[in-house]
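Below: the structure, in structure tokens.
The values are calculated or read from the model by the stated rules, or taken from the named source; none is laboratory data. What you see is a predicted model, and the numbers here were worked out from it, not measured in a lab. Glycine also receives a Cβ, built like all others from the backbone with ideal geometry; neighbour counts cover every protein chain displayed. For accessibility, only protein heavy atoms count, side chains too; no ligands or nucleic acids. Shrake-Rupley method; radii C 1.70, N 1.55, O 1.52, S 1.80 Å.
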Amino acid sequence: MGLLLKNGRLLNLKTGELEARELRIEGEIIAEVAERIDAAGHEVIDLNGNVILPGFLDMHVHLREPGFAAKETIETGTAAAARGGFTTVACMPNTRPVIDSPELIRYVYETTAKEGSCTVLPYGAITKGELGEELTDIAALKAAGALGITDDGVGVQSSSLMREAMRVAAALDLPVVIHSEDEDLAKDGCMNEGVVSKRLGLPGIPGLAESAMIARDILLAEDTGAHLHVCHISDAASVELVRWAKSRGLKVTTEVTPHHLLLTEEIIDRTDGRDANMKVNPPLRSEKDRLACLQGLLDGTIDMVATDHAPHTEEEKQRPFATAPFGFIGLEIAFPLLYTELVQQGTLPLHELVQKFTVNPANVFKIDRGSLEAGKVADLTVVDLEEEREIAAAELKTKGRNTPFLGKKVKGWSVLTINQGRITYQNH
Ligand SMILES: [Zn+2]
């Protein structure tokens, strides 16, 4: 007996048209997509005219496991992913211990198989313990199933070590995923360096701490032939550098978060720097930077949206701004936020936004996902584009509550998510 999705509209990702289609799933696979499918012998779900999209991919999440179960676990983080329409997430290795060995890569796969609500692809660390001193066994990480290598959270300060990592990764055809931050420039900053940080008397992180490191790594990527993927781009000069790298034909790709597309340091100013739920790294920057990120997303310089979902406990986020940890949650609200703020406002069409959640990350990371044709793995989400609902703390599946978007009313919520043929989220 298969699963038959009736009364749905399938979004054509090339033309943007919504086409009335029925979709039949057998096991893990999409068996049939047609205007009409005989329901006899199948379990039927009525989609009430809602829109069927390929399941989303998020190439940047912190599931916090192993080591930080108070913040999040693979179980809660992937439940949040499913509620947000995601069927594949790539998780960062800055856990405790750091995911820097084949055993820990396997641990993530095994735990996901038992407790997960979506496909999880772990990154392995570039350096042992993310200490920036000694390379991991990158070939062994790849053999165990690492999607790429990254020292997200800190970055690799040593240029010679990064060059060597890129040489190894290039030979293995493994992406090098960079948290770009020059620690000597960033120092102990806690927000964007600029007029707001000066007014509030808080130490600033200059945009230069990001862009200077991206410039270095683009040149190292050209030198080594590595695929460089720049995480959470946030600064106007950074976007310009990636545009330049692409124009030279280099294998350089990047992602942007919803918060860097929608918010600026202004919200920290408005609350006088008293609310660490507005503290994130890279920091919310100026309006000029925000517009540069938006332009980069529109013109294709920025390939995809990624959430940088980074849950923390409420106790941690109640600390003073300067000492609270960086990070926002994002999995459950990324698509509704950008649908509401970009598609409904006419900034970009629905199918282009969906590409940045689906085919684009799939293509960049060579993952066979992002399309809804017969014969493909049944990873999909069904979204209601009409009903407006508030982002409510009580409804979140993640353990984190750390987002400046609580209370905001948005549309575009997922009502059903299916991962490998299995229902992972359903809102009755
Ligand atoms: Zn990062």
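Here are the numbers for this structure:
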| quantity | calculated |
| --- | --- |
| Hits in region 260-280 (condition: within 16 Å of the ligand (Cβ to nearest atom) and part of a loop (DSSP other than H, G, I, E, B)) | LYS279, VAL280 |
| Meets criteria (open to solvent by less than 40 Å² (accessible area, probe 1.4 Å), within 19 Å of VAL242 (Cα to Cα), in the same structural domain as ASP100 (by TED's automatic domain parsing) and within 16 Å of the ligand (Cβ to nearest atom)) for ILE149 | no |
| Matching option when the condition is more than 18 Å from ILE418 (Cβ to Cβ), among the hydrophobic types (A, V, I, L, M, F, W, C) and at pLDDT 95 or above, among VAL89, VAL61, VAL33, VAL44 | VAL61 |
| Among (1) touching an Asp or Glu at 6+ places or on another chain (Cβ under 6 Å); (2) under 21 Å from ASP303 (Cα atoms) - the single one ALA170 does not satisfy | (1) |
| Failed condition for SER371, given (1) farther than 23 Å from GLU32 by Cβ; (2) open to solvent by 20 Å² or more (accessible area, probe 1.4 Å) | (1) |
| Residues located in region 85-134, provided they are open to solvent by 30 Å² or more (accessible area, probe 1.4 Å) and in a loop (DSSP other than H, G, I, E, B) | ASN94, ARG96, PRO97, ASP100, LEU131, GLU133, GLU134 |
| Residue among PRO325, PRO361 that alone is crowded, with 20+ Cβ neighbours inside 10 Å and touching an Asp or Glu at 6+ places or on another chain (Cβ under 9 Å) | PRO361 |
| Meets criteria (open to solvent by less than 10 Å² (accessible area, probe 1.4 Å), in contact with a strand residue (DSSP E or B) (Cβ under 7 Å, 6 or more places away or on another chain) and assigned to a loop (DSSP other than H, G, I, E, B)) for ILE214 | no |
| Residue satisfying all of: in region 168-189; part of a helix (DSSP H, G or I) and open to solvent by 40 Å² or more (accessible area, probe 1.4 Å); farthest from the ligand (Cβ to nearest atom) among these | ALA171 |
| Test: residue in region 281-299 that is open to solvent by less than 50 Å² (accessible area, probe 1.4 Å), away from the ligand (no atom under 16 Å from the Cβ), over 26 Å from TYR339 (Cβ atoms) and outside any loop (DSSP other than H, G, I, E, B) | no |
| Any chance ALA165 is under 24 Å from VAL108 (Cβ atoms), in the same structural domain as ARG270 (by TED's automatic domain parsing) and in a helix (DSSP H, G or I) | yes |
| Candidate set from region 11-57 (those that are open to solvent by 60 Å² or more (accessible area, probe 1.4 Å) and free of Cβ contacts under 8 Å to residues at least 12 places away in the same chain); member that is nearest to VAL364 (Cα to Cα) | GLU17 |
| GLY155 vs. criteria within 16 Å of the ligand (Cβ to nearest atom), in contact with an Asp or Glu (Cβ under 6 Å, 6 or more places away or on another chain) and small (Gly, Ala, Ser) | yes |
| Residue among LYS366, LYS399 that is in contact with a Ser or Thr (Cβ under 8 Å, 6 or more places away or on another chain), assigned to a loop (DSSP other than H, G, I, E, B) and of a type in the set (D, E, K, R) | LYS399 |
| Every pair of residues 6+ apart whose Cβ atoms lie under 6 Å, when the first sits in region 325-343 and is without any contact (Cβ under 8 Å) to a residue 60 or more places away in the chain while the second is part of a helix (DSSP H, G or I) | PRO325/GLU316 |
| Residue match in region 243-255 (condition: within 13 Å of the ligand (Cβ to nearest atom) and either open to solvent by less than 20 Å² (accessible area, probe 1.4 Å) or hydrophobic (A, V, I, L, M, F, W, C) (or both)) | yes |
| Residue in region 311-326 that is within 16 Å of the ligand (Cβ to nearest atom) and of a type in the set (D, E, K, R) present | no |
